[in-house]
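What follows is a single structure, written as structure tokens, with notes after it.
The values are calculated or read from the model by the stated rules, or taken from the named source; none is laboratory data. Keep in mind that this is a model prediction, so the values were computed, not measured. When we count neighbours, we look across all protein chains shown, and the Cβ atoms used for this are built from the backbone with ideal geometry, even at glycine.
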């Protein structure tokens, strides 16, 4: 495979993963409308708190598996050692399921303690218990996805994500509505119904992967017959290698998941005092809650927590998740390149990955900064949380750099470095949280700004070590500054068109639907005109050559 084909293969895999994530995210966003109507901000907050605990546990059991396993399988398959690749898969499944079972039981039994100790309420315990069994299923999903990604096949991951989200949406809405009706609008039971829908979605995704795994069996048998010898490793040695790949990634991901839980805990314990201060000084107008003075302090805190957990994080995660797929797709490709000694090819792929990532991140950040209010109004039904989304959108750039650099460091077997950097960045975030909370006027915005600073620090540290170990020279003008400039031009022109259409009396929702595709076209034209988007960028993506021919580049 030549370098151009190699790049196209990498980008095709990333695009397949991105499509899967994009579709599932869109479905997830659309379901926020009925679920918010059913549960309200307070009910969403209960589910959000329980889900953040679930994510912490899932990080330990599953989130590191796809990247780590795909790397180990890709290395063995690159050497033709198909039997060893299968062996790694089986051992990963055995270890992961055993650990997931222990953690699931622990979460079930410890739900009351977690709810009481960290959130000063028993309201979160039942939704936590509803999510506990899902850990086992979600962990199995992670192992299967890592297996397929290591084979260079991203379609099973994408298709299972879509099916998982569809079933999640249907059953979350149905069960939340059912429990709210049968328990006289008890928010705890409503949040529990939504949590059960998450589990049913995971089961549906698991069934899809089992079907695709069985479908691959004939091909597996043919490969096993042609398998080459590989340096012998005992089960213990393989398990040790798996763990050496997974543990740093798990710790790194756990740090950020735990950081989310710390944020929620700080919101529950410290923010009420700030809200009381603002109330006593007639300053509740600085709080991004409509008609804040008519609500109790507890209700305001729950609404702010709901905005942070859902409107802010949900929308931020759309471009972030797309870029993350590029990082995930790069791990086996980078690992295979390093195993073959093709360091220069790895450097070129690394630069391409960052360029494509920034071409996605920059317009996403500007779009949310400029159009947060109409986008939320269109998708969710009102603009609650738009101030948070607009204030924190710039973080998308830092998160993109951090995620991509962490994925590539994992691909070159330097996975412990992002872990140390994550610990440093999150430690600084806690300090910034405390400083921000000392100023009541910042209220929930303090958490948004501390997140941005955290990822800026994390990305700088990761890039320092990535450039050091790969002896890499990054052209930041080409990779970051020019895409951001093009995105800024897009934002200014799109905003002018948006305001012009509003002056003509066109409704806001219809206006933003008209402006969004126009903004994409503007960004592309400005990108090509300033040579930010070049022939090489387009040729590395599926269908890019046809686009080059059409545009006569």
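Miscellaneous remarks
- Residue 410, sole failed condition from (1) over 30 Å from residue 303 (Cα atoms); (2) modelled with pLDDT under 90; (3) over 20 Å from the mean Cα position of the chain (by Cα): (3)
- Per the conditions (1) surrounded by 22 or more Cβ atoms within 10 Å (Cβ to Cβ); (2) without any contact (Cβ under 8 Å) to a residue 24 or more places away in the chain, the sole criterion not satisfied by residue 342 is (1).
- Here 29, 93 are screened, and the one residue that is part of a helix (DSSP H, G or I), in contact with a helix residue (DSSP H, G or I) (Cβ under 7 Å, 6 or more places away or on another chain), modelled with pLDDT of 85 or more and in the same structural domain as residue 152 (by TED's automatic domain parsing) is 93.
- Of all the numbered requirements in (1) over 18 Å from the mean Cα position of the chain (by Cα); (2) farther than 23 Å from residue 406 by Cα, residue 262 misses one, and that requirement is (2).
- Restricting the range 274-309 to residues that are free of Cβ contacts under 8 Å to residues at least 12 places away in the same chain and closer than 22 Å to residue 43 by Cα leaves a set whose member that is surrounded by the fewest Cβ atoms within 10 Å (Cβ to Cβ) is 291.
- Tally of residues being surrounded by fewer than 17 Cβ atoms within 10 Å (Cβ to Cβ) and assigned to a helix (DSSP H, G or I) across the range 417-445: 9
- Residue in the range 483-498 that is surrounded by the fewest Cβ atoms within 10 Å (Cβ to Cβ), counting only those that are more than 16 Å from residue 393 (Cβ to Cβ) and out of contact with any helix residue (DSSP H, G or I) (no Cβ under 8 Å at 6 or more places or on another chain): 496
- Residues of the range 394-416 that turn out to be outside any helix (DSSP H, G or I) and either outside the structural domain of residue 468 (by TED's automatic domain parsing) or surrounded by fewer than 24 Cβ atoms within 10 Å (Cβ to Cβ) (or both), as a count: 4
Each row is one residue, and each column tells you yes or no for (1) assigned to a helix (DSSP H, G or I); (2) within 21 Å of the chain's Cα centre (by Cα); (3) closer than 17 Å to residue 50 by Cβ.
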{"position": "117", "(1), (2), (3)": "yes, no, yes"}
{"position": "121", "(1), (2), (3)": "no, no, yes"}
{"position": "126", "(1), (2), (3)": "yes, no, yes"}
{"position": "130", "(1), (2), (3)": "yes, no, yes"}
{"position": "135", "(1), (2), (3)": "yes, yes, yes"}
{"position": "140", "(1), (2), (3)": "yes, yes, no"}
{"position": "145", "(1), (2), (3)": "yes, yes, no"}
{"position": "148", "(1), (2), (3)": "yes, yes, no"}
{"position": "157", "(1), (2), (3)": "yes, yes, no"}
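- Conditions (1) buried (at least 22 other Cβ atoms within 10 Å of the Cβ); (2) not in a helix (DSSP H, G or I): number failed by residue 184: (1)
- Matching residues in the range 454-475 - criterion: being assigned to a helix (DSSP H, G or I) and either exposed (fewer than 15 other Cβ atoms within 10 Å of the Cβ) or touching a strand residue (DSSP E or B) at 6+ places or on another chain (Cβ under 8 Å) (or both): 464, 467, 468, 469
- So residue 506, is it part of a loop (DSSP other than H, G, I, E, B), touching a helix residue (DSSP H, G or I) at 6+ places or on another chain (Cβ under 8 Å) and not assigned by TED's automatic domain parsing to the domain that holds residue 413: yes
- Qualifying residue in the range 385-393 (condition: touching a helix residue (DSSP H, G or I) at 6+ places or on another chain (Cβ under 9 Å), on the phi > 0 side of the Ramachandran plot, in the same structural domain as residue 469 (by TED's automatic domain parsing) and modelled with pLDDT under 90): yes
- Residue that is surrounded by the fewest Cβ atoms within 10 Å (Cβ to Cβ) [pool: residues in the range 57-67 that are more than 14 Å from the chain's Cα centre (by Cα) and more than 17 Å from residue 88 (Cα to Cα)]: 60
- Yes/no for residue 373 being part of a helix (DSSP H, G or I), in contact with a helix residue (DSSP H, G or I) (Cβ under 6 Å, 6 or more places away or on another chain) and closer than 30 Å to residue 36 by Cβ: yes
- Just one of (1) touching a helix residue (DSSP H, G or I) at 6+ places or on another chain (Cβ under 6 Å); (2) under 18 Å from residue 446 (Cβ atoms) fails for residue 406. It is (2).
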